[in-house]
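Here, each number is a calculation from the coordinates, and none is a lab measurement. What you see is a predicted model, and the numbers here were worked out from it, not measured in a lab. A quick note on method: Cβ atoms are made from the backbone with ideal geometry, for glycine too, and the neighbour counts reach across all protein chains shown.
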Amino acid sequence: NAGVTQTPKFQVLKTGQSMTLQCAQDMNHNSMYWYRQDPGMGLRLIYYSASEGTTDKGEVPNGYNVSRLNKREFSLRLESAAPSQTSVYFCASSEDGSYGYTFGSGTRLTVV
Amino acid sequence: KQEVTQIPAALSVPEGENLVLNCSFTDSAIYNLQWFRQDPGKGLTSLLLIQSSQREQTSGRLNASLDKSSGRSTLYIAASQPGDSATYLCAVAGGSYIPTFGRGTSLIVHP
C-alpha cells in the first residue's frame with residue numbers, strides 16, 4: 001500500500017524556470033492538500049482540493065497553480081520559480097478528515 | 001482563523017523521563033486533532049488522531065488528550081528513549097477538514 005507518492009524527491013531550479021510537482025494517492029480519498037514547510041514557519045497550506053474537480057486557495061497561494069487531474073492525482077505548478085519558493089513541499093490526502101491525514105515524503109525544492 | 005501554538009519549541013531530556021508536549025488552539029470548533037512525528041529530512045508520520053467527540057487516544061507509550069473547551073491538547077510520552085528524538089507536530093482541523101499546524105516541538109532524548 002503506497003499511500004501518498006510525491007515526485008520528484010529533490011529538484012534544483014533556476015529563477016524563472018517552471019516545473020510541476022506530482023502527487024498521487026491510492027487510498028480513494030476525496031480531499032488532497034499541498035503544504036510548504038519552511039524553517040521556523042511550520043507547514044502552511046498552499047492549495048487544497050475537497051473533491052475531484054474542485055480546488056481552493058490556502059494561506060500562501062501566490063506563485064502557484066494546481067490541477068486535480070482525477071481523484072488520485074493533485075499536481076502543483078510553479079510557473080516562474082523564485083528563490084522565495086525554496087522549500088520542502090508536502091502533499092497530503094484524507095477521507096474528509098474522518099481517519100486523519102496521510103502525508104507524502106516531500107519534495108525538496110531549491111531555486112537559485 | 002485558527003492559530004495553533006506548541007510549547008515548548010525545543011526540549012532536551014535524559015533517557016527514561018516522562019514527557020508532556022503541549023498544543024493550544026484558538027478556535028474550539030474543531031473536527032479532529034492529529035499528532036505527527038517528523039524525523040530530520042523526512043515526511044510526517046501519524047502518531048495519534050483524536051476526533052472532537054473523544055477525550056484521549058493511546059498507542060503504546062504515547063497518550064494524547066484533548067480538551068476542546070480550553071483549546072488544548074497534550075501528548076504524553078512515557079519512559080522516553082533516544083529513538084523518540086524527532087520533531088512533534090500538532091494539526092487541528094475544523095469543519096472544512098483542513099489541518100492547521102503548529103510549528104512543532106523539537107525533542108532530543110540523550111542516553
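Quick look at the numbers
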item	result
Stokes-Einstein D (µm²/s) once Rh is taken as the Kirkwood radius of chain B over alpha-carbon pairs, at 20 °C in 1.002 mPa s	154
Partnerless Cys - the protein assembly as shown, beta-carbon criterion under 4.7 Å	none
Partner lysines for residue B:68 [C-alpha distance under 22 Å; skip if fewer than 8 residues away on the same chain]	B:1
Computed magnitude of the charge dipole of the protein assembly as shown (debye, nearest 20; Cβ of K, R +1, Cβ of D, E -1)	400
Exposed-loop-free span, longest in chain A, where trypsin sites (Lys or Arg not before Pro) count as exposed if DSSP calls them loop and at most 13 other C-beta atoms lie within 10 Å	A:15-112
Computed label-point distance, nm, for sites residue B:26 and residue A:9 using a 7 Å Cα→Cβ extension	3.8
Gap separating the Cα centres of region B:2-45 and region A:62-79, nearest whole Å	29
Sequence-distant aspartates and glutamates (8 or more away, or on other chains) whose Cα lies within less than 14 Å of residue A:14	A:79
Ellipsoid semi-axes in whole angstrom, largest first, where each is sqrt(5λ) of the Cα gyration tensor of the protein assembly as shown	29, 20, 15
Sequence-distant lysines (8 or more away, or on other chains) whose Cα lies within less than 24 Å of residue B:42	A:9
Within a Gaussian network of chain B (alpha carbon springs, distance under 10 Å), most fluctuating of B:45, B:100, B:87	B:45
Choice from A:12, A:66, A:88 showing the highest fluctuation, given a GNM over chain A with Cα pairs closer than 10 Å	A:12
